[in-house]
Amino acid sequence: MGKIHVLPEYVANKIAAGEVVERPSSVVKELLENSLDAGAQRIRVTVEAGGKKLIQVADDGCGMVRDDALLAFERHATSKLRHADDLLAISTLGFRGEALPSIAAVSRLRLETRAAEESGGTVLEISGGQILRVAEAGLPPGTVITVRDLFFNIPVRRKFLKSEATELSHVASLVTHYALAHPDKHFELHSATHAMLIAAPVTTHAERIYQILGQSTLNDLLPVASSLPLGYDRPATPDAVASAQETGDSRIDANGNQKPPVIPPFGEIRLHGFVSKPAVQKLNRNSIFVFVNRRLIRDRLILHALTEAYRHLMPPTVFPVVLLFLELPFSEVDVNVHPSKTEVRFRQQTLIHDFVRDSVRAGLVKARPIPQFAREITARATATPALTPLSQEVPHPARGGQDPNSQDVLGITAAEAAFALRPPVFPAGSERLQFQGAPIALEGNAALPVARFLPQTFGGAAVNHVPGTVPAEIAAPDSAAGAGLASLRVLGQVQNSFIVAVGEDSLWVIDQHAAHERVLFEKVLRERLANQVESQRLLMPLVIQLTPAQQAVYAEIAEELGRNGFEIEPFGSRTIAVKIAPAGIEVSTLEAMLHELLDQLERERQTINLERVRGNIAASIACHAAIKINTPLEPHKMDWLLKELARTECPMSCPHGRPVVLRYSVKEMQRAFKRL
């Protein structure tokens with residue numbers, strides 16, 4: 001007798017439910033996305049016992065007629081796809097037709113729906129995947145789905161759910177971030193005892209951040225906005241070549257050689273949103289939220305691009321707060337790669353990666369945010385929850401003995417998600433905050449020290465990054481602090497390590513070693529690009545013994561070391577002799593510098609690339625050649641250092657991500673002395 005058999009439908013449904021429904025927040029996510037796809041303008045989410053006992057999602061969307069309501073609970077029944085080709089350009093958040101039958105298979109579900117064009121609505125009750133009742137009822141337009149007793153028929157799954165507070169925090173985080181992504185819609189989140197979120201429609205994302213997370217969080221964020229046109233190659237037909245020659249088309253070079261004609265751009269990639277200042281540092285990536293075509297995702301490619309954008313601006317062990325919206329043609333992204341639709345695949349991965357990295361880097365460089373004393377102390381004192389809590393309505397799971405590191409379907413830990421929310425409150429006398437500002441241009445990216453805008457290739461055709469139009473919601477960043485460095489008046493040093501200076505309205509403290517590091521770092525990179533690195537010949541070659549791992553890394557970067565002012569020759573087995581080194585490095589620190597550099601690159605070997613090697617070499621040279629702490633400086637040397645620092649692209653951080661300067665404003669002084 002054969003061993004292979006077809007699973008019963010109820011078993012298959014429970015398996016499918018295990019892929020789609022991981023916890024109550026998974027149910028909320030699927031129902032919330034269905035409401036958004038239905039065109040709802042008002043969405044109300046109600047939960048009890050963290051969603052274990054009750055989840056209800058009510059909306060004013062298009063609703064369903066009776067036949068559609070019955071068909072919606074069949075597996076793979078959907079209104080969003082008709083042909084296989086539709087998978088190539090998915091424009092909706094849901095599309096598989098698996099969510100409703102999967103949820104109904106593991107709960108007691110009640111559907112109340114009415115299409116606007118119908119005079120009556122439909123009520124449908126399902127328990128464990130079995131339809132119990134279908135009836136007509138008088139209902140308002142829209143849909144209400146009530147899910148009770150989640151996993152009542154799968155006790156082992158229910159046993160693995162966390163505490164009510166933990167599950168509630170996952171739901172709160174999910175609803176909050178979809179509310180941030182859709183500022184034009186009304187969102188409500190209610191628990192059994194109180195309203196956790198009431199977000200009325202607003203015009204801009206900045207207003208929504210202020211509305212939900214408060215002014216202090218908005219002050220810690222910097223706006224980012226840019227765009228990139230897209231186009232594909234097409235075959236160079238004889239007619240196209242003749243036409244190009246007649247019209248003097250730039251695709252025919254000076255030597256008469258043919259370049260492939262391309263069609264005009266068919267669309268563009270747009271990136272807008274907010275990223276935190278380098279001084280705001282988190283201990284994990286759970287405060288990074290990225291939406292692709294308004295779909296909340298957790299994508300490794302984007303996370304890597306963000307890490308690269310902050311390289312040499314933040315320490316490598318901490319992470320920023322990010323709220324970014326990436327919009328691109330639907331045909332350029334595949335969302336059908338994960339059952340819960342939290343992962344995507346981009347058609348042009350390198351292009352997307354570099355565009356996100358360079359756009360974020362450009363926003364940081366343009367803003368040049370200088371850390372404040374209070375901000376710095378707060379950022380280093382604790383790892384704050386995602387996007388800053390506002391009240392204490394929701395108990396923190398860690399305080400109740402629960403696991404704060406458990407993650408939901410989006411990888412958000414309960415500890416990071418546990419924050420309460422408040423209804424919108426605007427300043428007295430104004431109906432709505434107005435956020436106006438000048439557009440952020442990206443022309444300066446060509447001069448970035450590490451991440452630079454370069455012409456990208458898209459299907460073989462060169463595509464240049466073009467500055468985008470910034471939404472009116474984004475306020476112009478205050479870069480006056482960076483510009484004011486050159487006009488500071490030096491007062492002296494503290495312990496021969498920190499320079500104290502005064503400006504028109506603030507007191508500044510500068511780490512002299514970190515400041516000189518930043519100056520030298522960008523100088524080394526400029527000289528490397530111009531092939532004009534200054535070097536010094538050693539009186540006697542320095543012989544250095546390497547480990548096997550270091551030897552392997554050295555073989556890969558030997559040529560790049562040579563372009564950065566080194567002359568190194570093999571000197572026996574796993575031994576090298578350094579004859580020439582970059583100017584400014586003391587011979588006594590040269591061996592330690594090379595060992596540190598090789599060890600660092602060995603740890604990063606899986607993601608090593610030429611650009612990163614250049615940055616790491618420049619950072620090592622700058623660190624070992626920079627002015628040390630406990631070094632007395634003459635006033636004219638301190639003046640010179642501040643003026644040179646003001647000319648750098650990123651005066652706020654050293655190449656290792658530590659802050660270079662701290663600014664203490666007059667208002668903060670007045671507040672400290674109780675004058676405000």
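Annotations
- Restricting the calculation to Cα atoms, the range 168-213 shows an Rg/Rh of 0.96 when the hydrodynamic-style radius is the Kirkwood one.
- Taking the Cα centre of the range 621-676 as origin and assigning +1 to Lys and Arg Cβ atoms and -1 to Asp and Glu Cβ atoms, the resulting dipole is close to 380 debye.
- Maximal additional length on extending the residue 558-residue 611 stretch stands at 17.6 nm, based on 0.36 nm per residue less the C-alpha distance.
- Take the Cα of residue 666, step 7 Å toward its Cβ, do the same at residue 636, and the gap between the two points is 3.2 nm.
- Label zone of residue 53 (point 7 Å out along Cα→Cβ, amide N under 14 Å): in the range 148-166 this covers 148-150, 164-165.
- Cβ-derived FRET efficiency at R0 41 Å, residue 532 paired with residue 343, nearest 0.05: 0.35
- Where labels lie 7 Å past Cα in the beta-carbon direction, separation of residue 549 and residue 330 in nm: 4.8 nm
- For the pair the range 187-233 and the range 514-536, the centres of their Cα atoms are 40 angstrom apart.
- Looking at the range 566-675, the trypsin sites (Lys or Arg not before Pro) that sit in a DSSP loop and have at most 16 other Cβ atoms within 10 Å of their own Cβ are 574, 628, 647, 674, 675.
- At most 16 other Cβ within 10 Å, DSSP loop - chymotrypsin sites (Phe, Trp or Tyr not before Pro), the range 143-217: 152, 160
- Coil-residue GluC sites (Glu not before Pro) of the range 524-561, DSSP, other Cβ within 10 Å capped at 16: 534
- Using a Förster distance of 45 Å, the FRET efficiency for residue 118-residue 6 (Cβ separation, nearest 0.05): 0.70
- Förster-model FRET efficiency, 45 Å R0, residue 595 and residue 192, C-beta, rounded to 0.05: 0.15
- Inter-label distance, residue 65 to residue 215: 5.3 nm, where each label sits 7 Å from its Cα along the C-beta direction.
- With 24 Å as the limit, the listed pairs 366/628; 523/579; 523/643; 162/185; 29/52 have 366/628; 162/185 beyond it between alpha carbons.
- Translational diffusion coefficient of the range 484-663 (Stokes-Einstein, Kirkwood radius from Cα pairs, 25 °C, 0.890 mPa s): 141 µm²/s.
- Normalised by the number of residues in the range 484-663, the average gap of Cα pairs under 8 Å and 6 or more apart makes the relative contact order 36 percent.
Read-outs throughout are calculated quantities, based only on the coordinates presented, and are distinct from any laboratory measurement. None of the values given here were measured: they were computed from a predicted structure. Cβ: placed from backbone, ideal geometry, glycine included. Neighbour counts: every protein chain shown.
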